[in-house]
Amino acid sequence: MKKTLFLIDVHSLIHRSFHALPPLTTPEGEPIQAVYGLASILLKILREDKPDYLVACFDRPEPTFRKEEYVEYKAQRPETPDSLVPQLFLARELFSNFGIKTLEAAGFEADDLIATLTEKFSAKGETPPLRGGKSEPRNSTKLSLRGEPDLKIVILTGDLDTLQLVSQDKIVVRTFRKGVSDTFTYDENAVHDRYGLSPSELIDYKALVGDPSDNIKGISGIGPKRASELLNKFGTLENIYKNLASDEKLKRMLGNSQKQAELAKKLVTLKRDVPIAVPELSRFAINFDKKKLLSYFQKLGFETLVKRLEVDVQGRIFDDAIFIVESLGLTPFSEDFLSVKTKVGFSLKPLIKKLWALRQDLNPPYFDLGVAFWLLDPDFKNYEPRAVFRKFLGKDLSEDHSDLKEAYSLASKKIKEFGLEKVLQDIEMPLLRILAEAENSGIAVDLEKLKDLETRIHDKLNSLTQDIYREAGEEFNINSPKQLQTILFEKLKINPYLVSRTARGSRSTNAQSLVALRGTHQIIPHILEYRESFKIQSTYVQPLQRSLGKDGRLHTEFIQTGTATGRLSSQSPNLQNIPQESIWAKDLRSAFIAPDSFSFLAFDYSQLELRILAALSEDPKMVKAFEEGQDIHQITASKVLKIPLSKVTAEERRLAKTLNFGLIYGMGISAFAKTSGLDRNQAQEFINTYFEEFPRIRDWQEKTKSEARTLGYVQTLTGRRRLLLGLSSSSPQLVSEAERAAINQPIQGFGADILKMAMIKVKETLQWAEVWSKAVKMILSIHDELLFEVRDDMIKKI
């Protein structure tokens with residue numbers, strides 16, 4: 001496993017922190033902002049980079065060998081501010097409390113120590129060609145690492161003097177663009193992109209252009225562009241001066257400057273052999289004592305950093321995993337949360353969000369037990385700890401959660417046995433952080449629009465209530481099914497046989513039944529409109545206002561374990577089923593807004609599940625329709641009704657669409673007849689003709705059901721599986737339900753995974769492109785659609 005060594009140029013970092021941050025003082029009134037900035041940088045490194053080894057290199061106050069060579073070296077620099085001097089000493093104390101080793105050597109600078117450590121833990125090797133097809137620059141630093149063959153060295157500094165040490169992406173320099181949080185990392189390609197030179201050529205480059213920050217004079221008339229051109233032409237400083245006699249223009253330009261250039265080269269070249277005892281690499285492992293550091297931060301008054309260390313969970317460490325349990329105790333910071341060990345527990349997503357609120361993190365890899373047991377049995381419904389223990393382990397969870405290891409062992413074994421490792425580790429676990437970010441982001445809402453809509457719906461409901469009372473000839477509870485049945489079928493004498501019975505034997509008054517009664521009485525349209533308006537008001541308009549956060553945004557909760565198929569669900573509030581067809585839909589949806597200078601951007605898969613059906617069944621006619629970009633519903637209507645494409649009406653296309661999507665859910669004759677409005681015989685004929693035209697679909701369905709009966713489960717192409725014990729039931733109803741699930745799961749489950757994998761890839765892309773991460777937020781996943789909030793000037797690029 002690749003390990004990382006961080007080498008820190010303390011002097012440059014503490015100066016940068018001092019000038020970048022506003023004045024801060026300790027409780028005793030002593031200046032402390034430089035130390036605070038340094039501490040914040042260290043915490044970020046430990047949290048995000050998780051280095052295996054770390055060394056802090058200090059400058060000494062004595063004159064360096066460079067000062068002895070050149071008395072004007074750094075002579076232009078102002079005196080160190082009085083308020084910074086004591087903080088330079090406190091920095092050593094800070095590293096001690098972090099458990100980080102420090103090095104210093106009289107007569108040498110921190111950069112020389114860094115160069116020596118780099119040389120100590122590296123050896124000569126070969127450098128491959130630069131990425132992107134660039135040819136290797138001359139004198140490219142050719143270093144491979146010994147002792148730790150996969151060791152990566154990261155030099156953290158506030159200046160660019162150490163760029164000459166860069167090698168490929170094995171030795172890199174991370175520096176600051178602004179402040180103490182915005183950084184940029186130079187590998188060999190980045191150095192070449194900036195200077196057009198290899199890292200080792202920068203020594204000669206600086207000898208020509210000088211280094212004003214160190215008061216090293218360059219050659220008069222030689223700027224950065226000219227220096228790069230000369231080195232690209234002649235290769236080295238020495239070769240440039242060797243060619244003066246044959247190049248009159250060059251001779252006039254450089255004149256008698258060779259000695260000055262040679263001195264400058266000597267000054268800018270970092271020493272790789274500082275006479276200092278360097279211990280073995282293992283001695284630089286971080287020895288972190290969280291309680292000690294907390295006490296030190298409290299002493300200095302670093303309240304914000306104290307909060308970043310405080311955690312309300314505890315880690316029990318076993319073998320290769322950390323078991324997260326409920327506790328109010330503190331956790332060893334470096335061991336638990338910066339470890340590469342797997343974090344095991346229930347409900348890890350809410351925990352990640354809670355830690356983020358404390359400016360902490362729970363770093364991957366993860367093993368969420370609730371999600372794991374859901375994958376093993378997605379129809380169980382309850383994946384809370386106690387329910388899981390009773391169902392899968394046959395016992396109650398202990399009070400101290402000490403038996404989490406047993407649950408982990410069982411889940412790991414079964415996940416591997418069922419071939420679910422890819423689904424768990426490559427799809428569901430990476431999704432934890434993505435969903436947590438989307439929940440934190442939320443979606444903005446115009447509260448005034450919602451209030452106005454509530455008033456208008458309230459007025460409409462009052463008007464409809466009076467219309468219904470008038471048609472009924474009396475007042476009654478419109479929301480009571482029993483009272484509505486009495487009014488419709490007893491008082492108004494509407495034919496009850498037009499609607500189906502409920503499980504208790506009474507006549508149904510649900511929405512579907514009321515639609516079937518349309519045209520029988522003037523009261524029905526009023527009741528339908530009342531039902532629709534009441535639902536919008538009670539299910540969306542009022543609850544959305546109550547759910548609105550203080551930031552003016554709705555923060556839904558995405559549930560990974562909410563469906564058996566693998567689709568994400570949403571609750572508190574549910575933002576995945578905002579109506580589109582309602583008379584109030586446009587007004588309701590207009591209440592969702594993007595901030596100023598931002599817009600919503602939606603990406604939607606086109607007929608994803610039907611395409612999956614075509615791919616799984618390999619039906620040639622359906623595949624061809626998709627490959628040629630044709631309207632699949634129009635094609636279906638044309639084939640089934642045996643009419644030209646141009647003759648297909650909107651109603652005929654609707655019938656075909658109903659059947660196409662119905663097949664995904666295993667829709668039978670009765671359901672199709674009810675949904676399409678056809679009688680049973682017409683529905684049967686329609687379905688029969690459909691399978692005559694698309695025979696491979698029926699073949700695939702029958703094959704899938706047969707395999708499910710044999711195996712007891714069905715599986716998606718990604719490996720997600722669903723147990724279907726109902727296939728062996730003596731109950732025809734249970735068998736029918738299981739058969740529908742057998743047909744649906746491979747399609748809808750795979751569609752769910754396609755969207756989840758898309759979310760993961762989108763997140764990876766946004767992380768890679770820093771400018772994009774500030775311009776776009778992924779805020780909602782809605783079945784086969786992703787909704788983003790994008791800065792207007794970046795929409796086309798996104």
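Report D for the stretch 712-763 in µm² per second (integer): Stokes-Einstein, Kirkwood Rh on Cα pairs, 4 °C, 1.567 mPa s. This corresponds to a translational diffusion coefficient of 109 µm²/s. For the stretch 379-389, the Karplus equation 6.51 cos²θ - 1.76 cosθ + 1.60, evaluated at θ = phi - 60°, returns couplings of 9, 5, 5, 10, 10, 6, x, 5, 5, 5, 4 Hz by residue, with Gly and Pro reported as x.
Simple rule: put +1 on each Lys or Arg Cβ and -1 on each Asp or Glu Cβ in the chain, find the dipole, and look at ASN243, LEU659, LEU202; the Cα lying farthest toward the positive end is LEU659. When both the stretch 623-664 and the stretch 25-98 are represented by their alpha-carbon centers, they are found 72 Å apart.
My understanding is that a pair violates if its Cα-Cα distance is over 23 Å; which of LYS178/LYS774; LYS50/LYS422; LYS353/LYS414; LYS2/LYS774; LYS242/LYS271 do that in this structure? It would help to have the intermediate numbers written out before the result.
Numbers: LYS178/LYS774 16 Å; LYS50/LYS422 25 Å; LYS353/LYS414 29 Å; LYS2/LYS774 30 Å; LYS242/LYS271 26 Å.
From the list (LYS178/LYS774; LYS50/LYS422; LYS353/LYS414; LYS2/LYS774; LYS242/LYS271), the Cα-Cα distance tops 23 Å for LYS50/LYS422; LYS353/LYS414; LYS2/LYS774; LYS242/LYS271.
Taking Cα atoms only, the orientation of helix 85-98 departs from the longest principal axis of the chain by about 50 degrees. Once neighbouring chains are kept in place and the probe is 1.4 Å, which whole percent of the accessible area of the chain is contributed by carbon and sulfur? Ligands and nucleic acids excluded, carbon and sulfur reach 50 percent. The distance from the alpha carbon centre of the stretch 711-762 to that of the stretch 473-511 is 37 Å, rounded to a whole number. The alpha-carbon of LYS586 sits under 22 angstrom from the alpha-carbons of these lysines, leaving out residues fewer than 8 places away in its chain: LYS449, LYS451, LYS460, LYS535.
Could you check how many percent of all C-alpha pairs in the chain are farther apart than 54 Å? Before the final figure, lay out each step's value.
Working: 99017 of 318003 pairs.
Cα-Cα pairs of the chain separated by over 54 Å account for 31 percent.
Under a 5 Å amide H to amide H cut-off, with H placed in plane at 1.01 Å, what residues pair with ILE583 once short-range neighbours are removed? When sequence neighbours closer than 5 places are left aside, there are no close amide H contacts.
Output the peptides 599-605, 534-540 sorted from most to least packed, where packing is the average of other Cβ atoms within 10 Å over each peptide's residues.
Values: 599-605: 13.4, 534-540: 18.0.
Going from most to least packed, we get 534-540, 599-605.
Ordering 154-160, 385-391 by mean Cβ neighbour count within 10 Å, with the highest value first, yields 154-160, 385-391. Identify, among ILE669, PHE750, TYR690, the residue whose Cα sits farthest towards the positive end of the charge dipole of the stretch 632-778, taking +1 on the Cβ of Lys and Arg and -1 on the Cβ of Asp and Glu, with the dipole about the Cα centre. The residue sitting farthest along the positive end of the dipole is PHE750.
Taking the average, over residues, of other Cβ atoms within 10 Å as the packing measure, peptides 7-15, 566-574 rank 7-15, 566-574 from highest down. Across the stretch 658-755, C-alpha contacts under 8 Å between residues 6 or more apart give a mean separation that, scaled by the residue count, equals a relative contact order of 27 percent. Averaged over its residues, the chain has an accessible area of 48 Å² per residue, based on protein heavy atoms and a 1.4 Å probe.
Here the 3J(HN,Hα) profile of the stretch 538-553, calculated from phi with Karplus coefficients 6.51, -1.76 and 1.60 at θ = phi - 60°, is 7, 8, 10, 4, 6, x, 4, 5, 5, 8, 5, x, 5, 7, x, 10 Hz, Gly and Pro shown as x. Rounded to whole numbers, the Karplus 3J(HN,Hα) couplings from phi for the stretch 616-632 are 5, 7, 6, 5, x, 5, 6, 4, 4, 4, 6, 4, 8, x, 7, 6, 5 Hz, using 6.51 cos²θ - 1.76 cosθ + 1.60 with θ = phi - 60°, and x at Gly and Pro. The alpha carbons of the stretch 167-234 give a radius of gyration and a Dmax of 13.3, 39 Å, in that order.
Only aspartates and glutamates eight or more places from LYS170 in sequence, or on another chain, were considered; those with a Cα closer than 17 Å are ASP49, ASP52, GLU119, GLU126, GLU136, GLU148, ASP150, ASP187, GLU188.
For the chain, the longest principal axis of the C-alpha atoms and the axis of helix 447-472 are separated by about 0°.
Any number yet on Rg/Rh for the stretch 663-754, C-alpha, Kirkwood?
Working: Rg = 14.0 Å, Rh = 14.0 Å.
Looking at the stretch 663-754, the ratio lands at 1.00.
Counting Cα-Cα pairs of the stretch 580-684 in 10 Å increments starting at 0 gives whole-percent bin shares of 13, 33, 30, 18, 6, 1. Our note on the geometry: Cα centres of the stretch 190-252 and the stretch 526-602, 63 Å apart.
Which of the GluC sites (Glu not before Pro) found in the stretch 201-303 are loop residues per DSSP with 15 or fewer other Cβ atoms within 10 Å of their Cβ? Each step should come with its number before you reach the end.
Numbers: sites: GLU201, GLU229, GLU238, GLU248, GLU262, GLU280, GLU303; in loops: GLU280.
Of the GluC sites (Glu not before Pro), the ones in loops of the stretch 201-303 whose Cβ has at most 15 other Cβ atoms within 10 Å are GLU280.
The chymotrypsin sites (Phe, Trp or Tyr not before Pro) of the stretch 1-59 include none that meets both criteria, a DSSP state outside H, G, I, E and B (loop) and at most 12 other C-beta atoms within 10 angstrom of the site's C-beta. Computed over protein heavy atoms with a 1.4 angstrom probe, the accessible surface ordering of ARG720, ARG791, ARG709, largest first, is ARG709, ARG791, ARG720.
Counting only Cα atoms, I'd like the Rg/Rh figure for the stretch 1-115, Kirkwood definition for Rh. All intermediate terms of the calculation are to be shown ahead of the outcome.
Working: Rg = 15.2 Å, Rh = 15.3 Å.
Ratio value, two decimals: 0.99.
Evaluate the relative contact order of the chain (contact order divided by residue number), counting alpha-carbon pairs under 8 angstrom at least 6 apart; express in whole percent.
On the way: 1176 pairs, mean separation 70.9, N = 798.
In percent, rounded to a whole number, it is 9.
Counting only Cα atoms, the stretch 635-695 measures 30, 24, 20 Å along its principal axes, largest extent leading.
The values are calculated or read from the model by the stated rules, or taken from the named source; none is laboratory data. Since this is a predicted model, take the numbers as computed values, not measurements. Methodologically, a virtual Cβ is constructed for each residue, glycine included, from the backbone with ideal geometry; neighbour enumeration extends over all protein chains shown. Accessible surface is based on the protein model in full, side chains and every heavy atom, while ligands, DNA and RNA are left aside. Shrake-Rupley method; radii C 1.70, N 1.55, O 1.52, S 1.80 Å.
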